[in-house]
Amino acid sequence: MTSLTNRIAVVTGATSGIGAATAGALTAEGARVAAFGRREDRLKDLDALPIAVDVQDRDAVHAAADRVRAELGRPDLVVANAGVMLGAPFEEADPAEWDAMIGTNVTGLLHTARAFVDDLLAAAAEGRPADLVLVGSVGGHQTFVNYGVYCATKAAVAHLTRNLRAELGPRGVRVKNVEPGMVSTELGDGMRDTSVRDSLNQWRAGLETLRSEDIAAGIAWAAAAPARMNVAEMIIVPTTQG
């Protein structure tokens, strides 16, 4: 394995959960990290460059990317982690929740990847490791009742990863899809359907769930692999989830 020392990383959705843990793990391994998120007060608690940004706003993401280059340098490790999970029976769901999931989980991820792809290609052209990590979910290839639209957004992440890997891999950029199972985070706390939210909490209570730090450790390990090696798809689930 290689060191993350002197690597420049960007992590989106860094205000809590997997994003905050990943920012911390990469920093601990020697990377200089820019933490993106909507809640600026939480970002300031991290040992990272805090940048308040909503990944759904393309212009804001590109402006944030310019700030990273100006203050840290050109990134060679980008973790597109920002995500929203809002479950409800399909016939009762509020379409505004669909828009929020598509806007963050798919469109926001695209804005993030596009804002930094030239930096990653430049790093690869110099013979340095270059990583684009897209955080998906086991929901991208499994079925969960009342989570159809969320699962569809994560299926998009999985297939986008495969296609970007075919496009960018030959030029040295390692594109990865990390798919967590059940993790104890704030994900899902904002859903409007209280019965589905209660069911989620009961499901989590019935398992020894993963911690955010478990996913962060997996991301850091994959990024530290030799440049010739791409951990292309990583599924990380609680042992009891099967």
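The values are calculated or read from the model by the stated rules, or taken from the named source; none is laboratory data. As the structure is a prediction and not an experimental result, all values here were calculated from the model. We place every Cβ from the backbone using ideal geometry, glycine too, and count neighbours over all the protein chains shown.
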Subject >> Close pairs from the range 197-209: first part of a helix (DSSP H, G or I), partner among the hydrophobic types (A, V, I, L, M, F, W, C), Cβ under 8 Å, at least 6 apart >> reply: Arg197/Met191; Leu200/Met191; Trp203/Met182; Arg204/Met182
Original post:
If you check Pro89 against the conditions, is it under 22 Å from Gly148 (Cα atoms) and either outside any helix (DSSP H, G or I) or under 15 Å from the mean Cα position of the chain (by Cα) (or both)?
Top reply: yes
Original post:
Within the set of pairs 6 or more residues apart or between chains, which connect a residue that is under 11 Å from Asn177 (Cβ atoms) inside the range 222-242 to a residue that is β-branched (Val, Ile, Thr) with Cβ atoms less than 6 Å apart?
Top reply: Ala222/Val231; Met234/Val178
Original post:
Does Leu164 count as more than 23 Å from Ile236 (Cα to Cα) and surrounded by 14 or more Cβ atoms within 10 Å (Cβ to Cβ)?
Top reply: no
Subject >> Condition broken by Val157, with the remaining ones in (1) under 29 Å from Asp198 (Cβ atoms); (2) over 13 Å from the mean Cα position of the chain (by Cα) satisfied >> reply: (2)
**OP:** Filter the range 210-236 for residues that are β-branched (Val, Ile, Thr) and part of a loop (DSSP other than H, G, I, E, B) and give the result.
**Re:** Val231
Original post:
Somewhere in the range 85-106, is a residue under 20 Å from Ala223 (Cα atoms), among the small types (Gly, Ala, Ser) and either buried (at least 17 other Cβ atoms within 10 Å of the Cβ) or in contact with a Lys or Arg (Cβ under 9 Å, 6 or more places away or on another chain) (or both)?
Top reply: no
**OP:** Determine whether Thr153 is of a type in the set (Val, Ile, Thr), surrounded by 15 or more Cβ atoms within 10 Å (Cβ to Cβ) and in a helix (DSSP H, G or I).
**Re:** yes
**OP:** Give me a count of the residues in the range 31-69 that are farther than 19 Å from Asp131 by Cβ, surrounded by 15 or more Cβ atoms within 10 Å (Cβ to Cβ) and among the basic types (Lys, Arg).
**Re:** 3
**OP:** With respect to Leu72, determine if the residue is over 30 Å from Val196 (Cβ atoms), touching a residue at least 12 places away in the same chain (Cβ under 8 Å), of a type outside the set (Val, Ile, Thr) and surrounded by 24 or more Cβ atoms within 10 Å (Cβ to Cβ).
**Re:** no
Original post:
helices (runs of 4 or more DSSP H) wholly in the range 1-80 with at least 2 residues that are within 19 Å of Asp118 (Cβ to Cβ) and out of contact with any Asp or Glu (no Cβ under 9 Å at 6 or more places or on another chain) - which ones?
Top reply: 58-71
Original post:
Residues Leu121, Leu132, Leu109: which one is assigned to a helix (DSSP H, G or I), touching a residue at least 40 places away in the same chain (Cβ under 8 Å) and within 19 Å of Val231 (Cα to Cα)?
Top reply: Leu121
Subject >> Selection within the range 180-190 - surrounded by 14 or more Cβ atoms within 10 Å (Cβ to Cβ) and at pLDDT below 90 >> reply: Ser184, Thr185, Leu187, Gly188
Original post:
For the range 135-145, what are the residues that are crowded, with 19+ Cβ neighbours inside 10 Å and not in a helix (DSSP H, G or I)?
Top reply: Val135, Gly136, Ser137
